[in-house]
Amino acid sequence: MKKTKKGLYRTKKISYKKLIFVMLVIIVLLLAALIVVWNSDAKNVLIGIGKISTAKVTDDETTYSYYENNGGSLLTPDQDHGLGTGMMAEVIVPYAECTDGAISDNRSSPLCSALTRGTVDRVVSSVGGADNPVYVLESGVKVNDEYLKITENGFLLPDNALAVSTCEESANGVKFTLDTKWAVPVQMKTEPQEYFVGYLERAYNVQEYTAEYLDIHFARTTEFSGKLDFSSSDVIRSWKWILEEDGGTLRLNLKEKGAFYGVSYSLDKNGRFAFVIKQNIRTDTSPVVMLDPGHGGSDPGASSLSEEYESTVTLSIAEKVADNLAARGVKVLMTRREESDVSLDTRIAMIRKYSPTLFVSIHCDSSETPSLFGTHTFYYENFSQPLANSIQQKMADVYAALYQSDPTKAAESNRGIKFYPFAVTRTENCPSVLVECGYLSNETDCDFLMSEAGRLQIADAIADGIAEQLNIA
Ligand SMILES: [Zn+2]
């Protein structure tokens, strides 16, 4: 009995030891496997890098109203603040495009950033007809009626105060949130930057992107408290608050001249301003590229000298760009992968929702003048100019080779990079360009665009331009 007990006890003891040993071995093996996987290509499969997928947005994501869903945490023009009343405007779309209130035309201007949903301001005057009024706001910008809810006798709001709530590294870059009394108008721009008049007399062409800081201007704001810690950011070096007559500016100094890749901002569900300064795309180890084959579905785009319309050609080229990038380990998001309808608003909502590292829209030209030929690339935000430049240089090489028998034509086929306010390029959260891959109305260009070899060369050029910006092989 005693022996048996002892024996049992001993057996039990050994089994615990064995168990612990086996568990340790399993843990060590698992850790080793994890290290091997993490340092191999298998990681790409595990976390989705190198995959091609289709971007999607729901109606909910484009119609959500800040005040309806989260009323109560911020001061609004519906509550009496003892300051009297006035005509008040509230932004009711995700991002409302603005133009300069002091300039009479309504042309898009990259020097005015969009106002985020929920922003409130006082209406100073209105211009335009009764059918389509455009309101000049106290903060100095003009906004179209369709983006605003107007309250004739709204309550005026007091001066604002901001306080740092959080500041930390996020998946996309450094994110900081600011407590605010109410949703004051915010304007952002990078400086210093010279512009010149170029294509179609638009005065926002950039020779070189030279920004040294990002200025975020908060209207009606007289106080800023708390500290921002950008020590984990690879883009922002330091910050300062500058008090001005019409509010205050948060100046974010860049670590490196011209190294700025976009900013996302919104009012979060806690009633705070939330900003994400996009990380340095040259050191991003898991870049996401969004490719946008132009047109599609009921919108075939430009007709061509051949049977295929623009939408088919752009999809075919985009798929080849996607394959090229995926093979280099880049995660690719497509706005469409079939002949389907995707509205411009949906494409823009996709850029804002996914906030990719880069966005490239792919199109082909067509003209009444059959002699027009060659390729050009368009940008809107000044920080998108380097991406346009990289892609255009690679495209120019392809076209120079196509027209090599005629040196004049070979040179002319490079139509250059240009400022132009295409809808999909008017987003502030990532470098975004639109490349015109050639003229479907020109015989030589069209033959090239209809050939498998031509499409492959164009796709490889676009992918190489993207890879150059991402600093990948
Ligand atoms: Zn097009």
- [ ] Run S367 past the list (1) under 25 Å from Y403 (Cα atoms); (2) modelled with pLDDT under 95 and report the number of the one that doesn't hold.
- [x] (2)
- [ ] Give the range 395-416 a look and list any residue that's buried (at least 22 other Cβ atoms within 10 Å of the Cβ) and under 30 Å from S113 (Cβ atoms), or say none.
- [x] M395
Task: Number of the condition not met by A423 [criteria: (1) surrounded by fewer than 22 Cβ atoms within 10 Å (Cβ to Cβ); (2) touching a Pro at 6+ places or on another chain (Cβ under 9 Å)] - done: (2)
Task: Where P192 falls short, out of the listed (1) free of Cβ contacts under 8 Å to residues at least 40 places away in the same chain; (2) touching a His at 6+ places or on another chain (Cβ under 6 Å) - done: (2)
- [ ] Please state which of the following conditions V174 fails to meet, knowing it meets all the rest: (1) surrounded by 17 or more Cβ atoms within 10 Å (Cβ to Cβ); (2) at pLDDT below 95; (3) in contact with an Asp or Glu (Cβ under 9 Å, 6 or more places away or on another chain).
- [x] (2)
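Results for (1) away from the ligand (no atom under 16 Å from the Cβ); (2) more than 25 Å from Q187 (Cβ to Cβ); (3) without any contact (Cβ under 8 Å) to a residue 40 or more places away in the chain, shown as yes or no for each residue.
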{"position": "T335", "(1), (2), (3)": "no, yes, no"}
{"position": "Y354", "(1), (2), (3)": "yes, no, no"}
{"position": "Q385", "(1), (2), (3)": "yes, no, no"}
{"position": "A400", "(1), (2), (3)": "yes, yes, yes"}
{"position": "F419", "(1), (2), (3)": "yes, no, no"}
{"position": "V424", "(1), (2), (3)": "no, no, no"}
Open item on the list: Can you go through I348, I317 and tell me which one is in the same structural domain as L449 (by TED's automatic domain parsing), touching a Cys at 6+ places or on another chain (Cβ under 7 Å) and within 16 Å of the ligand (Cβ to nearest atom)?
Closed with: I317
TODO: Please state which one of T346, T357 is within 14 Å of the chain's Cα centre (by Cα), of a type in the set (V, I, T) and at pLDDT 95 or above.
DONE: T357
Task: Residue check for F224: under 17 Å from M188 (Cβ atoms) and either over 25 Å from the mean Cα position of the chain (by Cα) or among the basic types (K, R) (or both) - done: yes
TODO: Report those strands (runs of 3 or more DSSP E) wholly inside the range 87-144 carrying at least 2 residues which are over 29 Å from K353 (Cα atoms) and either modelled with pLDDT under 95 or β-branched (V, I, T) (or both).
DONE: 120-127
Task: Residue selected from the range 282-305 under the condition within 16 Å of the ligand (Cβ to nearest atom) and among the hydroxyl-bearing types (S, T, Y), by the criterion surrounded by the most Cβ atoms within 10 Å (Cβ to Cβ) - done: S304
Open item on the list: Tell me whether the range 205-228 contains one or more residues that are aliphatic (A, V, I, L, M), more than 18 Å from N382 (Cβ to Cβ) and not assigned by TED's automatic domain parsing to the domain that holds E97.
Closed with: yes
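The values are calculated or read from the model by the stated rules, or taken from the named source; none is laboratory data. Computed from a prediction, not measured in an experiment: that's the story for all the values here. Positions of Cβ are backbone-derived with ideal geometry, glycine not excepted, and every protein chain shown enters the neighbour counts.
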